[in-house]
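Undergrad: One structure, pasted below without further comment.
The values are calculated or read from the model by the stated rules, or taken from the named source; none is laboratory data. Only a predicted model underlies this, so the values are computations on that prediction, with no experimental measurement involved. Note that each Cβ is placed from the backbone with ideal geometry, even for glycine, and that neighbours are counted across all protein chains shown. When the accessible area is computed, the model is the full protein with side chains, heavy atoms only, and any ligands, DNA or RNA have been set aside. Shrake-Rupley method; radii C 1.70, N 1.55, O 1.52, S 1.80 Å.
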Amino acid sequence: MGFSYFAEAEASWKARGDLNLSLPAPGPGRRTYISMRHNHDDDADLYYDSYHLIAKKRPMIVLVVFMSFLLGALLRTVIKEVKIPILVIVCLVGTGIGTIPHFSAQIPIVKSIADIDPVLFLHLFTPVIIFTAAFEMDFYIFRKSFWQVLILAVPGFLMNCAFLGWLTYKINKYNWSWDDSMLFGIILSTTDPILSVASVRNIGLSKIVVNLIKGESLFNDATTVIIFELYRDLAKQTHQELIKEIFIKLILKFFASTALGFFTSRLVSYWLQHIFNDGVVEIILSFSMAYIIFFIAEWLGMSGVIAICILGLLLDTVSFSPGLDIFLYKFWSMLTFLAHIMIFLITGIVLAQKAFPFFNSRAIFYIITVYLSLNLTRGLVVFVLSPFLSRLGYGFNWRWGAVLIWSGMRGTFTLNMALGISQTESKTPNEFQIKTMLLLHSGTASLLTLMINSTTVKRLVTTLGLCNITLPKRMAMHNAVQRIRQMEANAFAMLKLDRFLADANWTMAEEAIKIDYPYKLDSEEVDQLIKSLRCPECNANVTFEGSSQQIADIMEEARLRLLTAQIASYQKQYNSGMLNQDAAQTLIGAAESYVDIEGKFMNIHEVKTYWESKGVLVKLKKLLSDWVYSVKEETFKAPKNKFLRMCHHMVFMDEFEYISTMMTFLNCVPIVLHFIPKYSSTFILELKVCNYYYLALYIMEALFKAFAMGRTYIFYHWNQFDLIIIVVGVVDVMIINLFKTLSTTYHMINTIRIFRFIRVLRILRLFKLVIPRTIYLLEKQINRQLTFRYDIAKGYVQGEEDTNCLIGQIAGHERVYQEIHRILEMNKQEAMKELGLMQRDYPEIVTGVKTKQAVQTVLNTASETLKFMISGGIVDKTEGAELHKMILIKKQQLATLPSTIAPPTAQELLRNVIWLQNDKKQVEYIQRKATILYYDYGDMICEEGELPQGIHLIVSGMIKLSGSIPRYGVSKEAFKEIRARLPITSYTDYLVAGAIIGELNCLTKQEMEYSVTCETAVQTCFISIDDLLEAFDKFLEPPSLEYKIWLKLALDIALRTFKENLPNQDWNYKMCVQLSNIYLLDVPNHTKCDIFDGSMDEVILVHGTVLDCQLGQRYYAPFLLPKTCHQVQGTASSTKLLVVRSSEQGARKNPAASSSSTEGHYHSSRRPAALGHVFGMNLSSPSTINSDLEYTYLSSKNPKVKK
């Protein structure tokens, strides 16, 4: 197709003189080259002026294409608020261009565009539009509504074609035949998947309806192309085997195309998995594969539309590298927009060039009639099918049906099929007129659907109440606007302290940033909303006490927003490398599937259905392992007899197995030749001798093994199989020789054939080589499934923790907040239990996953640090690129880490405890004092209310913590008031290997606040409180062991506090950045302490209570102290503040001054060591390494502690 098209184009250019190519004329012994000289007449043909500046012959098509793109961009910029669609204006511009030659001289480029090849038109624009529509489909919603889509796209389409064809045949006055009318009905029955959705996508319509419209359009287009080609061929050509031809075409169009799309999606996914962080290659791959697969499918007689549709549906943004999703969507959206610009510009030109002479008042009447007919027939089809649609998928109602009818825009496929018919050769003037009128009515119908339907569908949706803004949505929007305004006020307050902005016009600035509510409300709705959220007397925020129905609506709105937050969390985890591709796709799809199930929250028990293995692989592996390895007696001693010992030595040599395997391979040749009549009759004697020979070898092998193994020979499954082969072989030889002496009968021949066929069993001896490899592959696949299972559960837990921090911004009501918090906590606890059980059952797998995630987290931190240094100019871009390449290599090498890693021992766990790390003396001391304890399932390690006996480091197993919420040093009387305001008053958690229990209680010497129960068999490393206190007294050198334990606990509490108060920031990375600037400060009871004096960035109350000396406000741990608080007083027996020192102060600290202030009481008069040095970590930059080698205490800007 492509070569013929360019050949015709070249011929037409030559005929018009567009090309002036002088090809070398072959001559004997010489070459003739293009002449570079022109006479004056030639110059006049090539240039417009005598100076040879402005050339006449230029590829004008390039200018037209890019001018059309520029026109589209200009229209998008200028007429955003105009309701007339851009494509209609582009089509009118094309019509104007195409009309010019009717009133003036012919323009060659316009003629060339009007004569565009329909096949080229199809191959240029269809892949972009179909792939974009399929790629943007919500796969999980589509999967549930598949049968609805199929009913609308196949029987619905056929009914629409029949109704339109019959209506056209009855009412038109153009003398169209039944075939012409049916083709016209097929052309007008198809809809454009992009244009149909464009008008309803962002107006608040349910995603179910949007995906139903898009899915129906996609499969409608696929059905259209198939039915159109079949009907056109049947109408225009004669067929010898009609039924067979239709059957073959349907097989190719539907099933083969689906298989091609599926295979291509797997190929692309596999390719993308082996492209590491190269967005350009991934974009090129998606773009080129869409066109290549479409071309191959059409070339092989399949449906390119179905193949591309399946490819787009099975790929999503998670299939590509993290962070590429936004660019990917923008790239394909740009291509789709440009494709539609070109389609409608070409359509306008073609209509003006070919149909302009036939445009009259009669044509206008039929244009209106056709437009009304296609909407009427579409409505009739939806009405007929609605009883079936309402019983499938998500259901169906008349309001959805109205939107579905009115959103059916005609576009690419309608225009392409009409163009294809009009471009075919006409034998008579009447046939030419029919084809032209068909093109005219198809093009004008497409324009009318864009001009009328697309501009009014939003009003229709609003009138039907499908996008009503409910009170919960208004309240959520009110809360969002209020939060933005609060942040703006905070920003203004901070900016007024800036010396450069102090004299700005703040009144004008405040007016300029006022944000109105996006939802336009009337006065009554505004009053209702204000009454719901504000007190009418004091204008203070109040709790909205609504009816049970209103609370239910608020709960449902909060549930939807919660699912959106969970999806964002999964996407974030995937982008950071914490979730692999399969796990991210599964979790995102699972969350999306809950969107339209009213009142349903995502829980771990239903998520388990996505990872639960069918058990086939595990059972198959067990069966093969039992066959190969499981015997009743595997160990035996070598015989004392010299001959038997020699046999034993020979049998268990590798060479013996090699010879046995080679013998089996060689025996395959005569076995195969026995089943080939030509050779079996020719070499009958040779094959018979071979059979005797190999049978004798098998007998010898069995005898040697029997001598070597003795009685244990029979216990091996392979030996049993060898005996079966020998017995069958001996019987085979006996029967053949016995039947020689008897007269041949039919039953004898069948018996010989059966035994000859049984010889094939000998080939199964090769499974000795295959089965171990098969077991290895099965184990690898099972490990991959288990890793996938753990990734899903871990990602789910992280998602629950992330969304838990956002409940206050999502809920909108106290009761809703409490209920959602309860649900999330319960789901998280169940998921933690599942993680613990997985660690118990598959410790090697879980250790492997944790190791990879730890490496990934550290490499992510390295990447973020490098980005900061490059953006700040600390590192040159060239140097940064080299460092970035090294980090990427390390990330790529993560795939080479083993999937199973042996879990750490008790000694290794002790050495890796953060408050013992890199301190050899402390580790050795604790190891001497520690004891290993074992507990069974259900055993109680400690009970709530009892005094601590020591700390337990979990070595293996899982424990359950249950009790009251931790008080963190708050007095019981004060905690009662706090507890009354909390949504959950009980505490439950699950801990696995590596976790430590009892640290805080041993430090404070207070009773346990929770009970510890064994959920599985548990092994712990126990350190008694007496030994721990002795260690505190022994290791007093700063930083002391007691201080390091306090600091570890404070970090954990502070990180949770940061995430709860400022969930939109990446505190894991921030804490890593500030790690060397963090220290713990003790504030004794009734003692005042200065904070935020210029040397502190953040201060977190991690234990106890303090009183704001300026405002008189009391704060309870854990709490992020406000920066307006400059002095606090300790009001508890043990109060601890975690201080994040400012970076400048940390860099300027004086080691001499730090080391000189080592006198006085440890907690009250010294600043403890920075965190990086406390835990023995080398976290310093080269500029500060000398000062960081020493422990840091109070510096010149030390917070003042006053009695």
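Undergrad: Return the pairs, sorted by first residue and then second, in which the second residue is not hydroxyl-bearing (Ser, Thr, Tyr), the first residue lies in segment 480-505 and is farther than 30 Å from Gly808 by Cβ, the beta carbons are less than 8 Å apart, and the residues are 6+ apart or on different chains.
TA: Leu501/Leu495; Ala502/Lys496; Ala504/Leu495
Undergrad: Among the listed residues Lys458, Lys473, identify the single one that is at pLDDT 80 or above, within 28 Å of Met555 (Cα to Cα) and surrounded by 14 or more Cβ atoms within 10 Å (Cβ to Cβ).
TA: Lys458
Undergrad: Additional query: Which ones in segment 842-881 are under 13 Å from Thr900 (Cβ atoms) and either assigned to a helix (DSSP H, G or I) or among the β-branched types (Val, Ile, Thr) (or both)?
TA: Result: Pro843, Glu844, Ile845, Val846, Thr847, Gly848, Val849, Lys850, Thr851, Lys852.
Undergrad: Sticking with this structure for a sec: For segment 1077-1094, give me the residue count where each residue is part of a loop (DSSP other than H, G, I, E, B), closer than 22 Å to Lys1044 by Cα and not hydrophobic (A, V, I, L, M, F, W, C).
TA: 1
Undergrad: One residue is enough: does segment 334-342 have a residue meeting the conditions of a type in the set (S, T, N, Q) and closer than 30 Å to Lys885 by Cβ?
TA: no
Undergrad: Does Gly957 fit the bill of being closer than 24 Å to Glu1042 by Cα and crowded, with 21+ Cβ neighbours inside 10 Å?
TA: Against the criterion (closer than 24 Å to Glu1042 by Cα and crowded, with 21+ Cβ neighbours inside 10 Å), Gly957 does not qualify.
Undergrad: Please verify whether Arg784 is under 30 Å from Arg1056 (Cβ atoms) and modelled with pLDDT of 80 or more, treating the condition exactly as stated.
TA: When the stated conditions are applied, Arg784 does not pass them.
Undergrad: Of the conditions (1) farther than 18 Å from Arg378 by Cα; (2) part of a helix (DSSP H, G or I); (3) open to solvent by less than 30 Å² (accessible area, probe 1.4 Å), Leu205 clears all except one; give me its number.
TA: (2)
Undergrad: A further question on this structure: Report whether or not Leu579 is open to solvent by less than 50 Å² (accessible area, probe 1.4 Å), modelled with pLDDT of 80 or more and either part of a loop (DSSP other than H, G, I, E, B) or under 30 Å from His274 (Cβ atoms) (or both).
TA: So Leu579 passes the test.
Undergrad: If you don't mind, there's one more thing I want to ask. Scanning for something out of contact with any Asp or Glu (no Cβ under 8 Å at 6 or more places or on another chain), at positive phi and surrounded by fewer than 17 Cβ atoms within 10 Å (Cβ to Cβ), does segment 971-992 turn up at least one residue?
TA: no
Undergrad: Here are some conditions: (1) in a helix (DSSP H, G or I); (2) of a type in the set (D, E, K, R); (3) open to solvent by 40 Å² or more (accessible area, probe 1.4 Å); (4) without any contact (Cβ under 8 Å) to a residue 60 or more places away in the chain. Arg399 meets all but one. Which one does it not meet?
TA: It is condition (4) that Arg399 fails.
Undergrad: Would you point out the residue of segment 136-167, among those that are under 24 Å from the mean Cα position of the chain (by Cα) and open to solvent by less than 10 Å² (accessible area, probe 1.4 Å), that is farthest from Thr224 (Cα to Cα)?
TA: This residue is Ile141.
Undergrad: Within segment 306-320, is even one residue in a helix (DSSP H, G or I), free of Cβ contacts under 8 Å to residues at least 40 places away in the same chain and not polar (S, T, N, Q)?
TA: no
Undergrad: Follow-up question, since we're still on this one. Looking at this structure, is Arg765 at pLDDT below 80 and open to solvent by less than 30 Å² (accessible area, probe 1.4 Å)?
TA: yes
Undergrad: Something else about it: Take the residues of segment 50-99 that are assigned to a loop (DSSP other than H, G, I, E, B) and of a type in the set (Ser, Thr, Tyr): which is modelled with the highest pLDDT? Walk me through it before giving the result.
TA: Initial filter on segment 50-99 (assigned to a loop (DSSP other than H, G, I, E, B)): 50-54, 56-59, 79-85.
Those still in the list that are of a type in the set (Ser, Thr, Tyr) too: 50-51.
Working: Ser50: 63, Tyr51: 59.
If we take residues in segment 50-99 being assigned to a loop (DSSP other than H, G, I, E, B) and of a type in the set (Ser, Thr, Tyr), then Ser50 is modelled with the highest pLDDT.
Undergrad: Evaluate segment 149-157: report whether one residue or more is touching a helix residue (DSSP H, G or I) at 6+ places or on another chain (Cβ under 7 Å) and modelled with pLDDT under 85.
TA: So far as segment 149-157 goes, no, none of its residues is touching a helix residue (DSSP H, G or I) at 6+ places or on another chain (Cβ under 7 Å) and modelled with pLDDT under 85.
Undergrad: I've got another one for you. For the list (1) surrounded by 12 or more Cβ atoms within 10 Å (Cβ to Cβ); (2) closer than 25 Å to Glu779 by Cβ, I need the number of the one condition that Ile874 fails.
TA: Of (1) surrounded by 12 or more Cβ atoms within 10 Å (Cβ to Cβ); (2) closer than 25 Å to Glu779 by Cβ, only one is false for Ile874: (2).
Undergrad: Still on this structure, I have one more. How many residues, within segment 866-902, are touching a residue at least 60 places away in the same chain (Cβ under 8 Å) and of a type in the set (D, E, K, R)?
TA: The number of residues fulfilling the criteria is 1.
One line per residue, one yes/no per condition, for (1) in contact with a helix residue (DSSP H, G or I) (Cβ under 8 Å, 6 or more places away or on another chain); (2) closer than 28 Å to Ile130 by Cα; (3) of a type outside the set (D, E, K, R); (4) open to solvent by 30 Å² or more (accessible area, probe 1.4 Å):
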position	(1), (2), (3), (4)
Ala355	yes, no, yes, no
Gly379	yes, yes, yes, no
Val403	yes, yes, yes, no
Leu419	yes, yes, yes, no
His441	yes, yes, yes, no
Met451	yes, yes, yes, yes
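Undergrad: Among the residues of segment 768-816, write down those that are open to solvent by 60 Å² or more (accessible area, probe 1.4 Å) and touching a Lys or Arg at 6+ places or on another chain (Cβ under 8 Å).
TA: Scanning segment 768-816 gives Glu779, Glu801, Gln809.
Undergrad: Only one residue in Val305, Val268, Val280 is modelled with pLDDT of 85 or more, buried (at least 17 other Cβ atoms within 10 Å of the Cβ) and closer than 30 Å to Phe66 by Cα, so which one is that?
TA: It is Val305.
Undergrad: In segment 993-1019, how many residues are within 23 Å of Val970 (Cβ to Cβ), β-branched (Val, Ile, Thr) and open to solvent by less than 20 Å² (accessible area, probe 1.4 Å)?
TA: 2
Undergrad: I'd like to verify a number: residues in segment 422-433 that are closer than 24 Å to Phe365 by Cα and open to solvent by 20 Å² or more (accessible area, probe 1.4 Å), how many?
TA: 5
Undergrad: Further question on the same structure: Answer with yes or no whether Phe1022 is at pLDDT below 90 and either buried (at least 17 other Cβ atoms within 10 Å of the Cβ) or assigned to a strand (DSSP E or B) (or both).
TA: So Phe1022 fails the test.
Undergrad: Quick check: anything in segment 917-938 open to solvent by less than 50 Å² (accessible area, probe 1.4 Å) and within 23 Å of the chain's Cα centre (by Cα)?
TA: no
Undergrad: Suppose the filter is open to solvent by less than 10 Å² (accessible area, probe 1.4 Å), polar (S, T, N, Q) and modelled with pLDDT of 85 or more; does Thr369 pass it?
TA: no
Undergrad: Testing Cys647 on (1) open to solvent by 40 Å² or more (accessible area, probe 1.4 Å); (2) in contact (Cβ under 8 Å) with a residue 60 or more places away in the chain, one condition comes back false. Which one is that?
TA: Condition not satisfied by Cys647: (1).
Undergrad: Same structure, new question: Tell me which residues, restricted to segment 1030-1042, are out of contact with any Ser or Thr (no Cβ under 8 Å at 6 or more places or on another chain), of a type outside the set (S, T, N, Q) and either more than 22 Å from Leu909 (Cβ to Cβ) or not in a helix (DSSP H, G or I) (or both). Quick ask: steps written out before the conclusion?
TA: Going through segment 1030-1042, the residues out of contact with any Ser or Thr (no Cβ under 8 Å at 6 or more places or on another chain) turn out to be 1030-1031, 1033-1037, 1039-1042.
The next check asks that each one be of a type outside the set (S, T, N, Q); those that pass are 1030-1031, 1033-1037, 1039, 1041-1042.
Those that are out of contact with any Ser or Thr (no Cβ under 8 Å at 6 or more places or on another chain), of a type outside the set (S, T, N, Q) and either more than 22 Å from Leu909 (Cβ to Cβ) or not in a helix (DSSP H, G or I) (or both): Asp1033, Phe1035, Leu1036, Glu1037, Pro1039.
Undergrad: Now a separate question. Restricting to segment 1085-1119, give me the number of residues that are open to solvent by less than 30 Å² (accessible area, probe 1.4 Å) and either modelled with pLDDT of 85 or more or touching a His at 6+ places or on another chain (Cβ under 6 Å) (or both).
TA: Matching residues across segment 1085-1119 total 16.
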